[in-house]
Amino acid sequence: MKTPLLSWLFLLRICYVSLTFHTFVVSTQCPGDQQSLLLKLKNSLAFNHTASKKLVKWRNGSDYCSWEGLSCKKGCVSHLDLSSEAITGGLDNSSSLFGLKSIENLNLAFNFFNYTQIPSEFKQLTGLTNLNLSNAGFAGQVPIEISHLTRLVTLDLSTLDTLSLKLEKPNLKVLIRNFSELVELYLDGVNISAQGTEWCQAISSSLPKLRVLSLTFCSLSGPIDSSLLKLQSLSVIRLDFNDFSIQVPEFFSKFPNLTSLHLSDSCFDGSCSGLYGTFPEKIFQVPTLQTIDLSGNGQLRGSLPEFPKNASLRSLVLSGANFSGLLPNSIGNLKMLSKIYISWCNFTGSIPSSIEDLHQLVYFDLAGNKFNGSIPSFSMAKNLTLIDISHNLLDGTIPSSLFSLPMLQDLDLSNNLLDGTIPSSLFSLPMLQYLDLSYNSFSGQLPEFGNFSSLQVLDLSSNSLEGPIPMSIFNLRELNELSLSSNNFSGSFPLNDIQQLKNLSWLDLSYNSLLINHYSSNSSHSFPQLRTLKLAARKLRTFPDFLRNQSILEVLDLSLNQIHEIPNWISKLSGLSKLNLSCNSLVNLPGPFLNLTSQLFVLDLHSNQLQGQIPMLPLSASYLDYSRNNFSSSIPADIGDFLDWTSFFSLASNHIHGIIPESVCKATSLEVLDLSNNSLSGMIPQCLTAINGPLAVLDLRRNKLSGTLPDNFPEDCSLQTLDLNGNVIGGQFPKSLANCTMLEVLNLGNNQVTDVFPCSLKNISSLRVLVLRSNKFYDCIGCLKTNSAWTNLQIIDIARNTFTGEIPGNFFKTLQAMMGDEDGAVSKINHVRFQDLGFGLYYQDSVTVTTKGLEMELVKILTVFTTIDISCNNFNGSIPEEMGMLKSLIGLNLSGNALTGAIPSSLGNLRQLESLDLSDNKLSGTIPLELSKLNFLSFLDLSSNQLVGKIPISTQIQSLSADSFAGNKGLYGPPLDDGSPRLPPTLEGKHSNSAHRIDWDLITVEVGFIVGFGVAVGSLVLCKRWSKWYYKTMYKIIVKIFPQLEDRIGPHRRHVHINQRFTR
């Protein structure tokens, strides 16, 4: 028995020695002590031990090949993944990492190496096939040593911190020249700054096996060179957010393996460079294409083609591109389509019913187009999680198919024309978290909500909902935002019950007929901590008491209430950034409130009864509105020191006096300055018009400002509105105002400016409103004979000056804004306003116009309101025929000039005309029959001209007063008389503008005739000698003319004398 046992022991010993030797051989194949190098690497790296999930677990004595983030081949580290380890430094050229020369895959992504340069010693890791340094916090030049890694299959140096890495020396061509095996290249965010042919040819000549090319945010420019077609394996192309200003080349459709094409940009408004032209439809039809993203290219036009059956497309993203036309019914052929993002394009027509065939849909976003018709069925898309078809023209009711979508989380139907009631089934969707039905025409009562726990956002504002708000709304325990404003809700709302909604942070109940019930209690601490509370127009007399404990409240809107005072505890609202107390009855501001203002971003106190000194201004405020109060002080001399961050500042409609202090020019962030309707005097500070900042609106109208308008507007002037109406400003028109090429509203009316017509404004194409009324402008306006750029001009008022000469007809050919037809005008209806203020606020332009014989103020200037007033000047000649081209003109006043000739029949083309005043001219001829077709004409004044003939018959004309035609002797017919013809007048005279003024010319003739006749007859009657001479002379004359009368008259001559004497 001993011999076998010894044999086994000997065999085991041999096996142990063999195993030990084998292990030694393998380990010695790895360069250096792998475990030692790894531990040394760990100790050299600076990382967050709490956030780390890999490095923190590396321990000496354990099998390093089993450590987190590691894998080995034959005992050598081949794979090292230290991504997302919160590493903040410790990697340089001396790092032990570069001793691990057997590594094939290295991932250091999503760390932060504190903007250090990528170590050049990466060249030691020549076995690398996959290197990922993306978003690792490296910066500076990419070292040329990376090009030594010739076995690379994947290289990822991309970074979200754009332009922190760069490729200059070496450039892209040098870096990749040895990467013949490279399949995937990610350099997103690396500043390459290369021309199209340069980077395209570098890639196509060096990377024959490339499948993935990702170069977003690389400052690349075009054109995209066709040499890329050499890369027949190319499958994924990502070139988003570069400096392309090119048309998309059609050769993209020739890549046989193309699956993904990303060319998105951020030019949503079309104001910056980006892709332009028409997108080639063939690219959509590439059989292998699965994803296409063209979003944000506002100048890129296109339409969707007919899609073939069984196409591969899964993601269609066109948001913000200028695509238009219909959504083809063949979109139903894209059976694999899961994402449709075509929001904020210009698509029209109905949403095709074939959408129902897209069973794989997950995201469906068609917001911001012009789709009409009803909402299609989605009943078969059981994986649908988002539907956004807001901001369209959809009508009808909410379809029942929406109630059968078990995965639906976001539903946005806002800003459409939907009506009917809101079905209760909508609130039974188990996963629904976001529901926005605002700005529609839903009516009826709001249904009960039931135990519906997932809804987080509910917005039903701006509808016609009525009745009480169901108390079951307090069952929505996950609710974070609730907006029910601008409806017809009635009944009471128990504000204390919102304590049940522990997660509520946004509440808006404004503009309803609700009675807000709130009682003070010790439980105010249990109210949810709101960030936004809006209770505008709720007839509140005091601040709700629970607000005193709202420590994180940021937005508070209590406007349009009946609040008389601000409580002292308002100082507890230390987080408040936006406060709107406008349209209340506040008389003063307490001390604690003034302490609160230091952190306010928006403060709106307009339309109260605040009086005395202008209150201290919040230093951090961007929006300050103190207008329509009773402040009666002067503007503080140092006011500019408080307006460093202010973009909107208004003291309009107070009783402010004194001068405009020059310190206001320190407010370099101002976009709107409104000091109108006060009693300010003195001159406009020179520095105010010379500001090189973002000032877009300067409104100083209706003050007592004098002097001249400074002629120092800068070359990069950003003014859009300049309103100085109703001051006593004189001098000449400033030539430098032509630098304000974005000007939309210019109102210098009712001043004393003395100059010729400001022809320098002709090239400002943005101009919409031009008012020069009641100044001292003179001479002809001949410069308008040549084409101007006033395609947007809609209000022209140059009345009550001394302009002379003829009215140039060519001028009216350029006024495109006045030529649109009715349908086009209605579709573009809007207001002239400055709306780049952010935070949901804007400045509303207004102007005073004279129309229908009355002066009225347009507090909102509709973009479809068009009027021309050139009355009370010295224009002569005829009325230009070209005026008949202005088909959308609403008001026309040419009265008080010296115009001659006939009324042009082309005025009958002005079918939108409501007011026409041609009175007090020298117009002749008949009234054109075409004027009888002006169905909207409610004011017509043709008085005091030289018109003749019958007044045309129409319902509109016959409904007018006779005064409209007075002072035209040759006119007849209703409403002047019964329609009997009159003889033409033998006497002509100049008549005044009023139908009730005395015609002194006619009276003078009549009085002269009566006086002369009386003197002659009286002399014959009273003087016997004169009467005898008169009759003797007359007798001789008559007998000579008619000798046959001698026989008849002779016997009666004495009888005549007897009668004469008797008469005496």
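The values are calculated or read from the model by the stated rules, or taken from the named source; none is laboratory data. Quantities reported herein were computed from a predicted structural model and do not represent experimental measurements. Don't worry about glycine lacking a Cβ; one is built from the backbone with ideal geometry, like all the others, and counts go over all protein chains shown.
Values as computed for the structure displayed
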{"item": "Given (1) over 22 Å from residue 415 (Cα atoms); (2) at pLDDT 95 or above; (3) not charged (D, E, K, R), index of the condition residue 276 fails", "result": "(2)"}
{"item": "Selection count, segment 134-157, where residues are out of contact with any strand residue (DSSP E or B) (no Cβ under 9 Å at 6 or more places or on another chain) and surrounded by 19 or more Cβ atoms within 10 Å (Cβ to Cβ)", "result": "1"}
{"item": "Qualifying positions in segment 175-220 - touching a Gly at 6+ places or on another chain (Cβ under 6 Å) and part of a helix (DSSP H, G or I)", "result": "196"}
{"item": "So residue 791, is it outside any loop (DSSP other than H, G, I, E, B) and farther than 16 Å from residue 698 by Cβ", "result": "no"}
{"item": "When residues of segment 90-121 are limited to those that are in contact with a helix residue (DSSP H, G or I) (Cβ under 9 Å, 6 or more places away or on another chain) and not in a loop (DSSP other than H, G, I, E, B), the one surrounded by the most Cβ atoms within 10 Å (Cβ to Cβ)", "result": "97"}
{"item": "Residue that is under 15 Å from residue 172 (Cβ atoms) and either touching a His at 6+ places or on another chain (Cβ under 7 Å) or not β-branched (Val, Ile, Thr) (or both), where the choices are 227, 233", "result": "227"}
{"item": "Residue identified as touching a residue at least 60 places away in the same chain (Cβ under 8 Å) and aromatic (Phe, Trp, Tyr) among 965, 939", "result": "939"}
{"item": "Segment 78-89, subset of a type in the set (Gly, Ala, Ser) and part of a strand (DSSP E or B), residue surrounded by the fewest Cβ atoms within 10 Å (Cβ to Cβ)", "result": "89"}
{"item": "Residue in segment 763-774 that is part of a loop (DSSP other than H, G, I, E, B), modelled with pLDDT under 90 and loosely packed, with under 14 Cβ neighbours inside 10 Å present", "result": "no"}
{"item": "Any hit, segment 302-309, residues being within 17 Å of residue 325 (Cα to Cα), in contact (Cβ under 8 Å) with a residue 12 or more places away in the chain and acidic (Asp, Glu)", "result": "yes"}
{"item": "Members of segment 868-877 that are in a strand (DSSP E or B) and either of a type in the set (Phe, Trp, Tyr) or surrounded by 22 or more Cβ atoms within 10 Å (Cβ to Cβ) (or both)", "result": "868, 869, 875"}
{"item": "Any chance residue 576 is surrounded by 16 or more Cβ atoms within 10 Å (Cβ to Cβ) and either of a type outside the set (Lys, Arg) or in a loop (DSSP other than H, G, I, E, B) (or both)", "result": "yes"}
{"item": "Members of segment 43-77 that are among the hydroxyl-bearing types (Ser, Thr, Tyr) and surrounded by fewer than 18 Cβ atoms within 10 Å (Cβ to Cβ)", "result": "44, 50, 62, 66, 71"}
{"item": "Residue list for segment 168-209, restricted to those being of a type in the set (A, V, I, L, M) and either under 17 Å from residue 151 (Cα atoms) or free of Cβ contacts under 8 Å to residues at least 24 places away in the same chain (or both)", "result": "174, 175, 176, 182, 183, 185, 203, 207"}
{"item": "Hey, residue 304 at pLDDT 95 or above and assigned to a strand (DSSP E or B) or not", "result": "no"}
{"item": "When residues of segment 344-361 are limited to those that are in contact with a strand residue (DSSP E or B) (Cβ under 9 Å, 6 or more places away or on another chain) and buried (at least 17 other Cβ atoms within 10 Å of the Cβ), the one farthest from residue 390 (Cα to Cα)", "result": "358"}
{"item": "Index of the failed condition, residue 162 passing every other in (1) assigned to a loop (DSSP other than H, G, I, E, B); (2) touching a strand residue (DSSP E or B) at 6+ places or on another chain (Cβ under 9 Å); (3) of a type in the set (Val, Ile, Thr); (4) under 24 Å from residue 231 (Cβ atoms)", "result": "(4)"}
{"item": "Residue in segment 164-180 that is within 22 Å of residue 52 (Cα to Cα) and surrounded by fewer than 22 Cβ atoms within 10 Å (Cβ to Cβ) present", "result": "no"}
